[in-house]
Amino acid sequence: MARFRVTVLDHPATLAGHMAAWNDLAAAALEPNVFYEPWMLLPAIDSFGRGRELRYVLVYADQGNAPPLLCGLFPLERAVRYNGLPFPHVRLWQHKHCFLGTPLVRAAHARACLDTFLDWLEGHLDELLAQEPEAVEYAVQRSCEIKAQIVAADEREHGRRAELNFGHTFGHAIEAGLGYGTWLHGEAVGCGMVMAADLSARLRLIDQATAERIARLVARAGLPTRGPALGVERYLELMRLDKKARAGAMRHVVIESLGRATVRTVEDDMVAQVLGAHAG
């Protein structure tokens with residue numbers, strides 16, 4: 001896997017030195033976005049970006065003796081409020097005429113970028129839990145970027161957007177079975193991710209080591225990894241009410257590798273095995 005490095009620029013004029021690489025990235029992006037191409041973004045910054053705290057994050061892949069390859073470009077803005085709440089955060093910058101906020105990410109390196117992010121998360125979890133600003137800002141920024149790519153590719157939830165529901169089928173059953181508010185949503189989904197990872201391993205989509213890696217990361221974050229004792233039949237009953245179910249058959253978001261998810265119809269017996277291992 002190529003090694004990635006991040007360059008952060010604080011003035012649009014400094015982007016001039018990256019123009020050739022930027023144009024090449026735009027032509028090879030996983031999700032094309034004209035608003036973030038040079039000929040569109042630079043005039044927009046000049047017209048609408050004045051007075052805003054903007055930064056330009058460029059992700060390069062080292063290629064040995066060859067020139068580094070630009071694999072991602074993210075125009076970011078620091079904001080002090082989120083949905084009216086005083087929550088400082090970093091977000092992708094969109095001016096008032098920009099209706100597509102998908103960052104430019106090179107198609108051939110999208111999965112590697114996700115793997116790099118997970119590696120970073122494992123290495124910086126202590127700082128995140130301590131709410132150290134730089135770590136929290138990066139985690140929020142990268143999570144938003146990943147979600148934006150998926151939502152932009154499937155705005156009406158006909159396909160890829162279901163990937164964002166990894167762990168939610170189990171998690172929603174926990175919330176409904178206990179009564180909403182007994183567990184936080186993040187706690188229920190975190191536990192659900194452990195169960196969904198185990199299900200992925202039982203389907204032979206990932207190896208057991210990957211499922212255990214996910215479980216360890218959830219545990220390190222202080223989230224529960226074992227579900228409450230609702231009883232297998234009650235879990236199954238609640239999961240059949242999930243929006244992804246079809247004609248009473250459960251459909252689960254499972255992973256084929258880190259950063260690559262799919263939706264599968266799964267037999268009750270296999271789901272019961274997962275519940276037997278991780279609930280009660």
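One residue alone among Leu217, Leu238 is surrounded by 17 or more Cβ atoms within 10 Å (Cβ to Cβ), over 21 Å from Asp115 (Cβ atoms) and at pLDDT below 95, and that residue is Leu238. Within the group Asp115, Asp119, which residue is modelled with pLDDT under 75, in the same structural domain as Ala29 (by TED's automatic domain parsing) and outside any loop (DSSP other than H, G, I, E, B)? When all the criteria are applied, what remains is Asp115. Residues in the range 166-183 that are farther than 19 Å from Asp268 by Cα, touching a residue at least 40 places away in the same chain (Cβ under 8 Å) and either aromatic (Phe, Trp, Tyr) or surrounded by 22 or more Cβ atoms within 10 Å (Cβ to Cβ) (or both): Trp183 only. Glu77 meets all of the listed conditions (1) farther than 15 Å from Gly101 by Cα; (2) modelled with pLDDT under 90; (3) surrounded by fewer than 19 Cβ atoms within 10 Å (Cβ to Cβ) but one, namely (1). Applying the criterion of being within 13 Å of the chain's Cα centre (by Cα) and in a helix (DSSP H, G or I) to the residues of the range 153-174, the residue that is modelled with the highest pLDDT is Asn165.
Here Gln141 meets the list (1) modelled with pLDDT under 75; (2) within 27 Å of Leu76 (Cβ to Cβ); (3) within 16 Å of the chain's Cα centre (by Cα) almost entirely, failing just condition (1). Of everything in the range 92-109 that is more than 21 Å from Glu137 (Cα to Cα) and small (Gly, Ala, Ser), the residue that is nearest to the chain's Cα centre (by Cα) is Ala107. Just checking, does the range 34-49 include any residue being in the same structural domain as Lys147 (by TED's automatic domain parsing), part of a helix (DSSP H, G or I), at pLDDT 80 or above and within 30 Å of Leu258 (Cβ to Cβ)? For the range 34-49, residues in the same structural domain as Lys147 (by TED's automatic domain parsing), part of a helix (DSSP H, G or I), at pLDDT 80 or above and within 30 Å of Leu258 (Cβ to Cβ): present. Residues in the range 34-56 that are surrounded by 19 or more Cβ atoms within 10 Å (Cβ to Cβ) and out of contact with any helix residue (DSSP H, G or I) (no Cβ under 8 Å at 6 or more places or on another chain): there are none. Taking the criterion of being farther than 12 Å from Leu58 by Cα and touching a helix residue (DSSP H, G or I) at 6+ places or on another chain (Cβ under 7 Å), the residues of the range 1-31 that qualify are Met1, Ala2, Pro12, Asn23, Ala28, Ala29, Leu30, Glu31. Would it be correct to say that Gly186 is at pLDDT below 85 and not assigned by TED's automatic domain parsing to the domain that holds Leu70? Judged against the criteria, Gly186 is not a match. Residue count for the range 13-33, restricted to those that are crowded, with 16+ Cβ neighbours inside 10 Å, in a helix (DSSP H, G or I) and of a type outside the set (A, V, I, L, M): 2.
The values are calculated or read from the model by the stated rules, or taken from the named source; none is laboratory data. This structure is a prediction, so every number in the text was calculated from the model and none was measured. Every residue, glycine as well, gets a Cβ built from its backbone with ideal geometry; the counts of neighbours run over all protein chains shown.
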